[in-house]
Amino acid sequence: MSKISSEQNEFEVDHMEYYKHLICKLTEKDGNLSTRVSRDQSSMDQDNGKVGQGYEKSFPLFKEGISGLSENKKERLKHVLHEIVSFFTNDVDKVTRDITSMENGETHQEAAKKFSAELLEKLDKMARGVDDILDIMASKCRSMITAEKLELSNRIRKLPVKAFDRVVEIINMRRPANESSDKISFNLGELDDATLWRLYYCVENVLDANKT
């Protein structure tokens, strides 16, 4: 039995909790890499201080968001993320079949309301699960440097209008309830790193989709 399979037995009743648990373990930084990571971050910070002074950046932006992982952990993390995609794809396919059954009248009207409520609850749980996983991944990312914040700001400006709702939603999710707002007004410099990386991956997803 593989290590992943044996660990999954502990979470048989809830696959999503299992995946969240596994991602937390795989994104823990390896102690023997901490010194190198610290040096890399220090070098980026020094280069970052020269941005805006005619300095040619020597590092690619947004590289190694999650640093300090061994090659083995990186490979296992990729495997788990692919597994999560397959898990959600299978769930979405099942929900689609269930909805088709309802539309074709295969579900009695009396049971339709209950069935619809169950589907909505399942979809909501899936959405919350995805957000939790993204939050875990973002919380493990390194600090975003000023040059990256500036570039992220530029990319946000390129988003289609309808995509701004998701940007506001991500920011409000990570703000205290009394600070949430529907206004599209924020300062990237005041946001924590986890929120910045959530925004980055969201923006990249939208922009990449618009290229096709």
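The values are calculated or read from the model by the stated rules, or taken from the named source; none is laboratory data. What you are looking at is a predicted structure, and each value in this text was computed from that prediction instead of being measured. Here the Cβ positions follow ideal geometry from the backbone for every residue, glycine too, while neighbour counts run over all protein chains shown.
Those residues that are part of a loop (DSSP other than H, G, I, E, B) and modelled with pLDDT of 90 or more, I need them from region 164-196; list them, please.
L191, D192
Evaluate the following for S38: is it part of a helix (DSSP H, G or I), modelled with pLDDT under 50 and not β-branched (V, I, T)? Walk me through how you get there before you give the answer.
Numbers: part of a helix (DSSP H, G or I): yes; modelled with pLDDT under 50: yes; not β-branched (V, I, T): yes.
Against the criterion (part of a helix (DSSP H, G or I), modelled with pLDDT under 50 and not β-branched (V, I, T)), S38 qualifies.
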ask   = loosely packed, with under 12 Cβ neighbours inside 10 Å, within 23 Å of the chain's Cα centre (by Cα) and at pLDDT 85 or above: does that describe S86?
value = yes
Scanning region 107-121 residue by residue, those at pLDDT below 80 and under 26 Å from the mean Cα position of the chain (by Cα) turn out to be E118, L119
- Answer yes or no as to whether K78 is at pLDDT 80 or above, in a helix (DSSP H, G or I) and at negative phi. yes
